[in-house]
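Below is one structure, written out as structure tokens; comments come after it.
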Amino acid sequence: MRRAAGIWLVAGVFVLLFFAAAAPSPLYGVYQAQWRFSAATLTAVFAVYALLLLVALLVSGSASDYLGRRRVILAGLVMAAGACGLFLAAHGVGMLFAARALQGAAVGTATSALGAALIDLQPEGSTIAPVITIAAGQLGLAAGGLGTSALVQYGPAPTRLIWWLLLAVTLAAAVAVPALPETVPGRPGVLAALRPRVAVPRQARATFAAALPCLIAAWMLSGFCLSLGPSLAAQVTGSRDLLWGGLVIFLVAGTGAAGPVVFRGASGPPAMLVGSLALLAGAVLTLAAVQTTSAAAFLAGVAVAGAGFGTATLGALRTISALAPPGQRASLIAAIFIVSYAAFSVPVVAAGMAVTHAGLHRTALVYCAVIAALAAVAAGSLIARGRSPFPDTRSQRRHSQ
């Protein structure tokens, strides 16, 4: 396969894996009605995906440097196919947990190899790989949420059809991956590379701490919309049509993909500030929409907040990663991932437990208020500090590229 075709195949696998990751979200309500489990269990099923994704990412993050890109991508696709099989065989919550855990491990295993393959295959002097990495993942989530909700609502076999389709496409991708140009020859040392390395270098600690409110707010938003978002959409719109829940995921992830593309040339601190302000505006608008049960304002709020998520995440990554030398960058990125996926999952589990006592309406109001407060703190800190805690813009742009 030519390198240009290889880039499209890798991007397609990225979209496929994240499409499958979003597919269970519109189905949670269906599973919940069939198997009679609580909102706390629902969010725990969601959180186990994030946990296994993070563990797999930390353990196998550099495995493709030793085993080659194709082998690790293929391993991720095989696990993804196995997750589809578990979803098809699921007749209770236990299998649902197992399927989501394997799905998280699949995405975590393949993500770093896919990102590295894009960098390897991109034309010399190009910086398109990071943009494809962020945009493909978010586009996969957007398409997965909306496409699955449409199939579940209007197609036959609501808990089966989507998994048969995804199983077929995943197996087809697994057949195509061996044709990719292998850019990394195998070499010994993979066992030592499996040991996770997490650290924040001294010179990056102040900036890392300043960026925490922005990162936490962004990933709290994403986690809530992918887990309880469809249930909240049904409550706000007063409709049982599952397409509303898919539309919420589509708006959050779709605008989350557009933000990094629009601000791809911006340096870290300005992008993080714009993202924080968008998160603040979107959270406030969503809070008001939930309170007044306005469907139009609710969809507008999640769209604005989604744009803030993508832009803020891009800005935080560029700002923080620019402060670490190459030898310390992997461990610093691992620390960013730990914070991000902890914010993605832990608050959602707490929200699920709160729903059982206070109801979804009150829980959503408090959750939006917390996101707004964190985004306001992040924006205020960026404005007050100016550029003092951040690296030089030109140097940062070179590092990010």
Look through PHE309, PHE298 and report the one residue that is part of a helix (DSSP H, G or I), over 20 Å from the mean Cα position of the chain (by Cα) and aromatic (Phe, Trp, Tyr). PHE298
What number of residues within the stretch 119-133 are in a helix (DSSP H, G or I) and modelled with pLDDT of 75 or more? 5
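Results for (1) under 21 Å from SER222 (Cα atoms); (2) crowded, with 22+ Cβ neighbours inside 10 Å, shown as yes or no for each residue.
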{"site": "ALA105", "(1), (2)": "yes, yes"}
{"site": "THR111", "(1), (2)": "yes, yes"}
{"site": "ALA117", "(1), (2)": "no, yes"}
{"site": "SER126", "(1), (2)": "no, no"}
{"site": "VAL131", "(1), (2)": "yes, no"}
{"site": "GLN138", "(1), (2)": "yes, yes"}
{"site": "GLY145", "(1), (2)": "yes, yes"}
{"site": "THR148", "(1), (2)": "yes, yes"}
From ALA179, ALA199, ALA172, residue being modelled with pLDDT under 85, surrounded by fewer than 19 Cβ atoms within 10 Å (Cβ to Cβ) and either over 16 Å from ALA21 (Cβ atoms) or polar (S, T, N, Q) (or both): ALA199
When you scan the stretch 233-241, do you find a residue that is farther than 19 Å from ALA297 by Cβ, in contact with a helix residue (DSSP H, G or I) (Cβ under 7 Å, 6 or more places away or on another chain), open to solvent by 10 Å² or more (accessible area, probe 1.4 Å) and of a type in the set (A, V, I, L, M, F, W, C), even just one? no
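Residues are listed down the side, and each one gets a yes or a no for (1) more than 25 Å from ALA136 (Cα to Cα); (2) open to solvent by less than 20 Å² (accessible area, probe 1.4 Å); (3) over 20 Å from the mean Cα position of the chain (by Cα); (4) touching a residue at least 40 places away in the same chain (Cβ under 8 Å):
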position: ALA206; (1), (2), (3), (4): yes, no, yes, yes
position: TRP219; (1), (2), (3), (4): no, no, no, yes
position: PHE224; (1), (2), (3), (4): no, yes, no, yes
position: PRO230; (1), (2), (3), (4): no, no, no, yes
position: VAL252; (1), (2), (3), (4): no, yes, no, yes
position: ARG264; (1), (2), (3), (4): no, no, no, yes
position: SER267; (1), (2), (3), (4): no, yes, yes, yes
position: VAL274; (1), (2), (3), (4): no, no, no, yes
position: GLN291; (1), (2), (3), (4): yes, no, yes, yes
Boolean, LEU314 is more than 14 Å from LEU251 (Cα to Cα) and in contact (Cβ under 8 Å) with a residue 24 or more places away in the chain: yes
Of the residues in the stretch 293-320 that are surrounded by fewer than 24 Cβ atoms within 10 Å (Cβ to Cβ) and not small (Gly, Ala, Ser), the one that is nearest to SER222 (Cα to Cα) is VAL304
Considering only the stretch 144-187, how many residues are assigned to a helix (DSSP H, G or I) and closer than 24 Å to ALA33 by Cα? 17
Among the residues of the stretch 78-95, is there at least one that is surrounded by 20 or more Cβ atoms within 10 Å (Cβ to Cβ) and either on the phi > 0 side of the Ramachandran plot or not hydrophobic (A, V, I, L, M, F, W, C) (or both)? no
Testing SER239 on (1) without any contact (Cβ under 8 Å) to a residue 12 or more places away in the chain; (2) under 17 Å from the mean Cα position of the chain (by Cα), one condition comes back false. Which one is that? (2)
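The values are calculated or read from the model by the stated rules, or taken from the named source; none is laboratory data. A quick note: this is a predicted structure, and the numbers were derived from the prediction, not measured. Positions of Cβ are backbone-derived with ideal geometry, glycine not excepted, and every protein chain shown enters the neighbour counts. Protein only, heavy atoms only, side chains kept; ligands, DNA and RNA dropped before computing areas. Shrake-Rupley method; radii C 1.70, N 1.55, O 1.52, S 1.80 Å.
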